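Nothing in this text is a laboratory measurement; each read-out follows from the coordinates by a stated rule. Worth saying up front: this structure is predicted, and the values here are computed from it rather than measured. Here the Cβ positions follow ideal geometry from the backbone for every residue, glycine too, while neighbour counts run over all protein chains shown.
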There are 2 protein chains.
Amino acid sequence: MMKPAVILLSGGLDSATVLAIAQAQGYECHALSFDYGQRHGAELAAAVRVADHFGVADRKLIRIGLDAIGGSALTDANIAVPDHPQAGIPVTYVPARNTVFLSFALGWAEVLGNADIFIGVNAVDYSGYPDCRPEYIEAFRNLAKLATKAGVEGADIHIHTPLIQLSKAEIIQQGVALGVDYALTVSCYAADPEGRACGVCDACRLRAAGFREAGVVDPTRYVAR
Amino acid sequence: MMKPAVILLSGGLDSATVLAIAQAQGYECHALSFDYGQRHGAELAAAVRVADHFGVADRKLIRIGLDAIGGSALTDANIAVPDHPQAGIPVTYVPARNTVFLSFALGWAEVLGNADIFIGVNAVDYSGYPDCRPEYIEAFRNLAKLATKAGVEGADIHIHTPLIQLSKAEIIQQGVALGVDYALTVSCYAADPEGRACGVCDACRLRAAGFREAGVVDPTRYVAR
């Protein structure tokens, strides 16, 4: 029997690569996406395309009211997405987002029978979010062991972060080797409804630089300027 | 200035007591409730009554699709709420529920500026849920320190669990002393739409025994049998 895994799938470049890695490792993949009031709803359409492209065992889209809490340019219409780099933790940081996402993944993993969890966090070419660091993931794994039936009964809880030490270029090279079609993905924080990228936000700049550095043709569609 | 706090408020007996304790300690209380597809929707009406009774600074009800994950008698119509005690972790356990709830509380606490968090978990007269134990809460606090701007900048994160070592009778005595009107609260896992309790589920039995032991008249309304 294939081991089940819950894959956090945003529809962006990183999580699509993570899904490809989990499938290549032989996991039965369950894709989990969230509608959290993010501005870039085009990402959700991308998540569906990517999940279907890989023929996952199951996929769920869970609506969660993170926008009720606000505090981020990604969920609050009163905070602008910046078009230039910022110092420190940027306004696109969504408070507790990865903690919320991992919590739901943990719940589904428990229902599936202590499934593994895959998340595409990255501590190299990232945006300075605290909840993308290895010590954060280790703290969540420790929490999960105490929070779940399986953990209480002594089972290990596996949270895979296959991208955590890779550069964006290395992620792209690995994805291309595994057959990821990055034209299906949307990374832009301010994509238009058709999924065309703005080209100037943090996520766009990291992505474009990654393709350049990887020597891979960038399939991203940009809005006309 | 009053220190802000996020209070996880279910509408049950325990969380109403926690809200009273936080207010008595001088916190500016922000009540956070969830519609997670629980069967006992009467609990949510109770949460609103309790929050309004105490005149909280703000309250939010966040809809989250935990029912999409299932795996519990509280969120899955195919699993019956038991009418007798069970050994081990019971079927009313909702996978990762407290982790999900605390994650949202952490997000709101961060937006409010490192607010304290209050949760009414209890490790004495409880139902055997792993995510109600002190070591679980400590693991979440450790996670929160690594997950948040405030934590990264060195601030302490406070998660208050004022009920964790109290018996149900002690909780009720403390609440009565603080003016909690328990007639406003609903604990039953299978309450009818008017909030009348079944009298036989785990939550009903713990609650009724608590009032008996505390020597306090039980104001709970039960369905006719």
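Some points to look at:
- Each residue, B:GLU135 and B:LYS3, gets one label point 7 Å from its Cα in the Cβ direction; the gap between the two is 2.8 nm.
- Across all Cα pairs in chain A, the calculated P(r) in 10 Å bins from zero up to the longest distance comes to 8, 34, 39, 16, 2, 0 percent per bin.
- Interchain or long-range residues, amide H under 5 Å from B:ILE62's placed H: B:SER33, B:PHE34, B:ASP35
- Take each residue of peptide B:101-113, count the partner chain Cβ atoms within 10 Å of its Cβ, and average: the result is 6.
- Between the Cα long axis of helix A:42-54 and the first principal axis of chain A there is an angle of about 50°, rounded to the nearest 10.
- Backbone phi angles across the stretch A:31-37, fed through the Karplus curve with coefficients 6.51, -1.76 and 1.60 (θ = phi - 60°), yield HN-Hα couplings of 8, 10, 10, 10, 9, 10, x Hz in residue order; Gly and Pro are listed as x.
- Ordering A:ALA190, A:GLN174, A:ALA209 by Cα displacement along the dipole of chain A toward the positive end leaves A:ALA190 in first place; charges were set at the Cβ atoms of Lys, Arg (+1) and Asp, Glu (-1).
- Computed [θ] at 222 nm, deg cm²/dmol, the protein assembly as shown (DSSP H ≥ 4; -39,500 (n - 2.57); rounded to nearest 500): -11000 deg cm²/dmol
- Between helix B:13-24 and chain B there is an angle of about 40 degrees, using the helix long axis and the longest principal axis of the Cα atoms.
- Partner lysines whose Cα lies under 21 Å from the Cα of A:LYS3, excluding those fewer than 8 positions away in the same chain, are identified as A:LYS60, A:LYS145, A:LYS149.
- Sequence-ordered 3J(HN,Hα) estimates for the stretch B:194-209 from the Karplus curve with 6.51, -1.76 and 1.60 and θ = phi - 60° stand at 7, x, 7, 8, 7, x, 10, 6, 3, 5, 5, 5, 4, 5, 4, 5 Hz, glycine and proline given as x.
- Relative contact order for chain B, counting Cα pairs under 8 Å that sit 6 or more residues apart, in percent: 24 percent
- Using alpha-carbon coordinates, inclination of helix A:168-177 to the longest axis of chain A, degrees: 70 degrees
- Computed from the Cβ-Cβ distance with R0 of 51 Å, the FRET efficiency linking B:ASP181 to A:GLU28 stands at 0.50.
- Which of A:ILE62, A:ILE137 has the fewest Cβ neighbours within 10 Å, and the rest in rising order: A:ILE62, A:ILE137
- Backbone HN-Hα couplings from phi across the stretch A:142-150 [Karplus 6.51/-1.76/1.60, Hz, Gly and Pro as x]: 4, 4, 4, 5, 8, 8, 10, 4, 4
- Highest-MSF residue in chain A out of A:VAL50, A:VAL121, A:VAL200 [GNM, Cα springs under 10 Å]: A:VAL200
- When chain B is treated as a Gaussian network with alpha carbon springs shorter than 10 Å, the biggest mean-square fluctuation among B:SER15, B:SER167, B:SER187 belongs to B:SER167.
- Fully extended contour minus Cα-Cα distance, from A:ALA209 to A:ARG221, at 0.36 nm per residue: 2.8 nm
- GNM flexibility winner over chain A from A:ALA16, A:ALA190, A:ALA214 (Cα, springs under 10 Å): A:ALA214
- With R₀ set to 35 Å, the beta-carbon distance separating A:ARG63 from B:ASP52 gives a calculated FRET efficiency near 0.85.
- For B:GLY12, distant residues with modelled amide H under 5 Å away: B:VAL186
- Size check on the protein assembly as shown: the Cα extents along the three principal axes, sorted descending, read 76, 55, 34 Å.
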